[in-house]
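The values are calculated or read from the model by the stated rules, or taken from the named source; none is laboratory data. Source: prediction; values computed, not measured. When the accessible area is computed, the model is the full protein with side chains, heavy atoms only, and any ligands, DNA or RNA have been set aside. Shrake-Rupley method; radii C 1.70, N 1.55, O 1.52, S 1.80 Å.
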Amino acid sequence: MNRYKSLQQFLNPHFKEDEYQLAAITGDASFRRYFRVNTGDQSYIVMDSDPDKLDNTPYIELNKVFSQHGFKLPKILQADEKQGFFLLSDLGNTHLADLLGDEDRTLHYKHLIKLSAQWAQIPPAQYMKVFDGEFLQFELSIFRDWLVDNFIGEQLSADEQKMWQQACELLINNALEQPIVTVHRDFHSRNIMRTGQQWAIIDYQDAVQGPVCYDLVSLLRDCYFKLPEQELDYLLHYAYDEFSEQQLLQDTSFAMFKRWFDLTGVQRHLKAAGIFCRLKLRDGKSGYLNNVLPTLTYISNVSKEYPELTALGQWIEQIIIPQTKQRLTKESK
C-alpha cells in the first residue's frame, strides 16, 4: 500500500472520509511531506515522516522540551509512530519570510533576537547532539562532497587542499571557542511563523548544543534573504547587547562577538551551499539551486574582511562561483 493511502487510513478514525479535504504543502527540504487537512471551519496539518528514512523520536521528544519552556510549536494531536504519521495543529500560512517587506521588519528581528536568546538558555536535553569538532568537520565536508566534487566536478590542487584544511581548522576552532548554548540550527525566515500575535518555531528536531552565534547567523544572514548592511550592523549590535544582558556572553568584546558571528556564518554557508546541491543531486529537488550563488557570495564577501580567510575567499570568488554559474546555466536549459 502506498504511503498516501496509509496516511488517509491514519486520518479516517479522526475525520469522516467525505468531510475533509487534503492539500499538499510544498517547500520542505527534508524527506518529510506535509498536507493541510480542511474540515468545516477547522484546519490541521498532517506530517508524513517515513521512519525508514528519518528518526522521529527527536521530533516528538524535543516538542515536549521546547513547549514546556513556553515556546509556540506545532502541537502533536495524534501520532502513529510506527508508520510515521502525525496530526498537528495548524499554525497558519504566515512565515517571517512573508513579512520581510514589512515596515516593521527591524522590530520583528529585534523580537526574534530576544526569542533566540531565550531559546539558547534552554538546558541541554536528550536528543540534542553536541556540535563538536567531528560534527563541524562533517558539515564542512558537505560542501566539498556535494558542491565541489559532484555539482561542478572541481579537482583541488595540493595548494587548494592545504588552503581548505587550514580554513576548516580555523572555522572549527572559531565555533568551539564560543559559549555553548541550545541551538535550533535552522532559525531562519522559513522556519519562523507568525500565528495570531505570537512567533512560532517549526523544524526544531535537529536542535543541538552549539556555538552562541549559530542561530543569530541563521536569522541575520539568512540564505533566503539579504539584509541591508546598515540594518544588519544595527541588529548585530542589538544582539550583542541582548546576549550580554541575558548572560550568554562573558567578558566578550563586540569585536570578538562579530568575529564569532562572521566566521560562524562562513562555516554555516559552506554547509548550506553544499546542502542545496545535495538536494538537487540526491533528492531531485531543484528549487534550492537559486540560493547557491547568494550563499557563495556571502562567503566570498565575509572572507575578504579576515586576512586568514583571504585564500578561501579568492578561491570561492575566482573558481567556485564561475563554475557554479556555468553548471546552473546548464541546469536551466
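Remarks
- When Rg and the Kirkwood Rh are both derived from Cα coordinates, the Rg/Rh ratio for the stretch 235-295 amounts to 1.20.
- Whole-percent P(r), the chain, all Cα pairs, 20 Å bins from 0: 29, 57, 14, 0.
- Relative contact order for the chain, counting Cα pairs under 8 Å that sit 6 or more residues apart, in percent: 16
- Pairs beyond 24 Å (Cα-Cα), from Lys53/Lys271; Lys226/Lys271; Lys162/Lys271; Lys75/Lys110; Lys5/Lys333: Lys75/Lys110; Lys5/Lys333
- Across the accessible surface of the stretch 1-132, with the other protein chains kept in place and a 1.4 Å probe, carbon and sulfur atoms take up 45 percent.
- Against the chain, whose longest principal axis is taken from its Cα atoms, helix 254-281 shows a tilt of about 60°.
- Tilt relative to the chain, helix 229-245 - C-alpha long axis, 0 to 90 degrees, to 10: 80
- Whole-percent carbon and sulfur share, accessible surface of the stretch 184-333, 1.4 Å: 46
- Remark: the chain carries 48 Å² of accessible area per residue (probe radius 1.4 Å; ligands, DNA and RNA excluded).
- Overall shape of the stretch 277-317 was characterised from the C-alpha gyration tensor. The equivalent ellipsoid obtained from it has semi-axes of 27, 9, 6 Å, in decreasing order.
- Selected from Tyr34, Tyr20, Tyr288 as most flexible by GNM, with the chain as the system and alpha-carbon contacts under 10 Å: Tyr20
- Between Asp18 and Leu232, the contour length at 0.36 nm per residue exceeds the Cα-Cα span by 72.0 nm.
- Angle of helix 292-303 to the longest C-alpha principal axis of the chain, folded into 0 to 90 degrees and rounded to 10: 40°.
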